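The values are calculated or read from the model by the stated rules, or taken from the named source; none is laboratory data. Quantities reported herein were computed from a predicted structural model and do not represent experimental measurements. Ideal geometry is used to build each Cβ from the backbone, glycine not excepted, and the neighbour counts take in all protein chains shown. Surface accessibility is based on the protein's heavy atoms, side chains included, excluding ligands, DNA and RNA. Shrake-Rupley method; radii C 1.70, N 1.55, O 1.52, S 1.80 Å.
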Amino acid sequence: MNRFWTLSEEPVGDWPGPETFELREAPMPAPGPGQALTRTIYVSLDPYQWGYKRRGVDKPGAPCHARTVAQVVESRMEGYAPGDFVFNTNGWAEYGLMGEGVARPSYMIPRRLDPAVGRISQGVGVLGMLGLTAYAGMILQGDPKAGETAVVSAASGGVGQIAGQLARLRGARVVGIAGREEKCRFVVDDLGFDACVSHLSPTFAEDLRAACPAGVDVYFENVGGAVFDAVLPLFNPGARMTICGLIAHYGDAAGTDARAALMARGKPIFESRNVTVRDLFVGDYVADHHDAFLREVGPSVAAGDIRYREDIREGLENIPAAFAEMLKGGNFGKMLVRVGDDPTL
Ligand SMILES: NC(=O)c1ccc[n+]([C@@H]2O[C@H](COP(=O)([O-])OP(=O)(O)OC[C@H]3O[C@@H](n4cnc5c(N)ncnc54)[C@H](OP(=O)(O)O)[C@@H]3O)[C@@H](O)[C@H]2O)c1
């Protein structure tokens, strides 16, 4: 049998609770022609998954969507053999099919993971779509120059860690924004950011201003809300802002347009200081930039010039709790749940 988590109903609350999900089992799926059966090793928990559930992309009864690292068990798919490690989208499930006719977001294309290149878990993190997200937003959009100041919110998270380190490698002064004290210390001591301020501090806005004495040239926005409001007055003329995510708003009432509200608040400064604001959707970059990103960033990860912290929880049973925790800042690093044995460890 295959165990998986599904929505128990269309989510009604602002944030997930224990009643939101239900553990079910179903007969093991059998691979058809062009398909492979894979065993999930790591389930990636990401903030966007709450949007999938609230917007009805995930359906009650079906496994909740997630990007996964898995191992091929049985293959009728050309180029994939039992034992291969893959990036795919098994969801919150112990097993799943990939290949011909298996539904998935168009840009989440299954691919083989080489354990010699990096830890297989990194296939959903720094060496996967989160790395590409950081690369697209920070390097291709933000384009930080030596001596400029780049600010990254949710700096200790899956995307923020990489975005900041990429800016540092470009020679920028990098300032992170994170929650608790130990996260801020990690961002400076382990990731090499020049400073990190806590958005939990009552003096957050002043702390940020003090950490950015020359203003802000590049802002990588993961959060929105009060964090955006503190960055806004610090923009230098000609600054670039990438809207990667607005996690502070993922529990807003249905129909609220957080991005529009943020743009309205920012408009006077964006216009008077000629700030370029760009949206980011990683799916737009997969086809043209994924391989180039891996060629450029992969060696820095292998050499330890880019470090990457993961927060790995254990057991399929613990997915809903870990997911709810991540949405409120309870993760420390990229959140993953190991649901099956990782033979590379
Ligand atoms: N545009 C794209 O294509 C794309 C792709 C991937 C991810 N994203 C977005 O990128 C952002 C970061 O994703 P991630 O995977 O790296 O998540 P993450 O940072 O690993 O986890 C979320 C973190 O957000 C912070 N946070 C949560 N609520 C907050 C609030 N109200 N105010 C301030 N900080 C808050 C918490 O960190 P602290 O404890 O430090 O506050 C939490 O740990 C998300 O908005 C996500 O949706 C976008």
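Exactly one residue out of 238, 251, 266, 255 is in a loop (DSSP other than H, G, I, E, B) and more than 16 Å from the ligand (Cβ to nearest atom), and it is 255. For the range 273-292, the count of residues that are under 25 Å from residue 186 (Cα atoms) and among the polar types (S, T, N, Q) is zero.
Residues of the range 328-344 being open to solvent by 60 Å² or more (accessible area, probe 1.4 Å) and within 16 Å of the ligand (Cβ to nearest atom), which ones? 328, the sole residue that qualifies. Scanning the range 236-280 for residues that are among the polar types (S, T, N, Q) and crowded, with 16+ Cβ neighbours inside 10 Å yields 236, 242. If the condition is being in contact (Cβ under 8 Å) with a residue 40 or more places away in the chain and in a loop (DSSP other than H, G, I, E, B), then the range 147-161 contributes 148, 153, 154, 155, 156, 157, 158, 159. The condition of being out of contact with any Cys (no Cβ under 7 Å at 6 or more places or on another chain), modelled with pLDDT of 95 or more, more than 10 Å from the ligand (Cβ to nearest atom) and of a type outside the set (A, V, I, L, M) holds for only one of 160, 171, that being 171. For the range 167-197, the set of residues classified as under 18 Å from residue 127 (Cβ atoms) and open to solvent by less than 10 Å² (accessible area, probe 1.4 Å) consists of 191 only.
Quick one: which residue in 233, 213 is surrounded by fewer than 18 Cβ atoms within 10 Å (Cβ to Cβ) and either on the phi > 0 side of the Ramachandran plot or not in a loop (DSSP other than H, G, I, E, B) (or both)?
233
Could you check the range 269-289 and list, in sequence order, the residues that are of a type in the set (Asp, Glu) and within 12 Å of the ligand (Cβ to nearest atom)? Listed by number, the residues that qualify are 279, 284. Could you list, in sequence order, all residues of the range 133-166 that are surrounded by fewer than 24 Cβ atoms within 10 Å (Cβ to Cβ) and of a type in the set (A, V, I, L, M)? Of everything in the range 133-166, those that are surrounded by fewer than 24 Cβ atoms within 10 Å (Cβ to Cβ) and of a type in the set (A, V, I, L, M) turn out to be 139, 140, 146.
Among the conditions (1) open to solvent by 60 Å² or more (accessible area, probe 1.4 Å); (2) out of contact with any Leu (no Cβ under 7 Å at 6 or more places or on another chain); (3) not in a helix (DSSP H, G or I), residue 325 misses just one, which is (3).
Can you work out which of the residues in the range 216-230 that are touching a helix residue (DSSP H, G or I) at 6+ places or on another chain (Cβ under 8 Å) and of a type outside the set (A, V, I, L, M, F, W, C) is surrounded by the fewest Cβ atoms within 10 Å (Cβ to Cβ)? So the residue we want is 229.
Checked against (1) basic (Lys, Arg); (2) over 15 Å from the mean Cα position of the chain (by Cα); (3) within 23 Å of residue 310 (Cβ to Cβ); (4) surrounded by 18 or more Cβ atoms within 10 Å (Cβ to Cβ), residue 111 passes all but a single condition, namely (4).
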